[in-house]
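First the structure, in the form of structure tokens, and then the observations on it.
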Amino acid sequence: AKPGDHVLVTKAIGLEGSAIIASDFKNDLLKLGVSDEVISEASKYFSEISVVKEALALAKSKVASSMHDLTEGGLINGLIEIARASKCVIEVYEDKIPIRDSTKIICDALSIDPLKLISSGALIATVSPNLVDKALKSLREVNVQFSIIGRVIDRGEPKVILNRIDGEIEEYQDYVQDEIGRLWANKPKH
């Protein structure tokens with residue numbers, strides 16, 4: 001990643017995490033008032049956890065300076081890994097980050113942060129401003145949704161600056177625990 005690059009993410013974050021939670025914590029969700037419809041919708045996200053289509057499209061169009069799939073630790077850890085590998089500062093905006101309604105409902109019910117939830121199925125790419133239109137065209141051609149969520153703002157001590165919707169600014173330099181791990185650690189044993 002290079003300073004000035006736009007940061008984009010494909011599909012939506014939390015896809016795999018939502019599907020896992022819908023499967024493994026279904027009874028907990030039902031007890032918390034989450035509908036069967038939401039749980040069923042989230043369960044379907046398992047079918048979307050490949051990023052091969054969009055990664056190949058961006059690679060063929062030669063527009064991405066970096067790409068990374070969002071696995072453990074979700075968006076935050078993926079951004080930290082890019083920042084560390086590129087020795088740069090990345091700034092993103094929560095209101096630009098795509099999160100599906102089912103993911104929001106599940107995360108709200110369990111008081112977990114979707115930005116720290118395993119997100120296989122979403123791909124981060126950094127793209128130079130002069131190549132953004134070409135990148136977006138290549139994603140549209142393979143019918144993959146995307147959002148521009150921020151920018152690489154500088155070289156230097158690697159970190160991620162997250163501008164929350166409520167106006168809070170969070171900075172991350174270290175990896176975060178995935179919310180799935182936290183859920184399992186706090187689940188009572190029967």
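Out of all the residues in the range 88-132, which are assigned to a helix (DSSP H, G or I), within 30 Å of Asp36 (Cβ to Cβ) and more than 9 Å from the chain's Cα centre (by Cα)?
Glu94, Asp95, Asp101, Ser102, Thr103, Lys104, Ile105, Ile106, Cys107, Asp108, Ala109, Leu110
From (1) among the polar types (S, T, N, Q); (2) under 28 Å from Val34 (Cα atoms); (3) crowded, with 21+ Cβ neighbours inside 10 Å, pick out the condition that doesn't hold for Asn186.
Going through the list (1) among the polar types (S, T, N, Q); (2) under 28 Å from Val34 (Cα atoms); (3) crowded, with 21+ Cβ neighbours inside 10 Å, Asn186 breaks only (3).
Pull out all pairs, ordered by first then second residue, where Cβ-Cβ is under 7 Å, the residues are six or more apart or on different chains, the first lies in the range 20-36 and is in contact (Cβ under 8 Å) with a residue 40 or more places away in the chain and among the aliphatic types (A, V, I, L, M), and the second is open to solvent by 70 Å² or more (accessible area, probe 1.4 Å) and assigned to a helix (DSSP H, G or I).
Val34/Ile105
Assess whether Ser23 counts as being in a helix (DSSP H, G or I) and open to solvent by 20 Å² or more (accessible area, probe 1.4 Å).
Taking the combined requirement at face value, the residue satisfies it.
Could you list, in sequence order, the residues of the range 39-87 that are in a loop (DSSP other than H, G, I, E, B), open to solvent by 40 Å² or more (accessible area, probe 1.4 Å) and not hydrophobic (A, V, I, L, M, F, W, C)?
Ser50, Lys62, Thr71, Glu72, Lys87 - these are the residues of the range 39-87 that are in a loop (DSSP other than H, G, I, E, B), open to solvent by 40 Å² or more (accessible area, probe 1.4 Å) and not hydrophobic (A, V, I, L, M, F, W, C).
Filter the range 102-117 down to the residues that are open to solvent by 70 Å² or more (accessible area, probe 1.4 Å) and touching a residue at least 40 places away in the same chain (Cβ under 8 Å) and list them by number.
Listed by number, the list holds a single entry, Ile105.
Taking Asp154 and the conditions (1) open to solvent by 50 Å² or more (accessible area, probe 1.4 Å); (2) at pLDDT 95 or above, which numbered condition does it fall short on, given that it satisfies the others?
(2)
Looking at Gly167, Gly181 in this structure, which one is open to solvent by less than 40 Å² (accessible area, probe 1.4 Å) and either more than 23 Å from Thr71 (Cβ to Cβ) or among the small types (Gly, Ala, Ser) (or both)?
Every option except Gly181 fails the conditions.
The values are calculated or read from the model by the stated rules, or taken from the named source; none is laboratory data. Every value quoted in this text rests on a predicted model; they were computed, and no experiment measured them. Glycine also receives a Cβ, built like all others from the backbone with ideal geometry; neighbour counts cover every protein chain displayed. Surface accessibility is based on the protein's heavy atoms, side chains included, excluding ligands, DNA and RNA. Shrake-Rupley method; radii C 1.70, N 1.55, O 1.52, S 1.80 Å.
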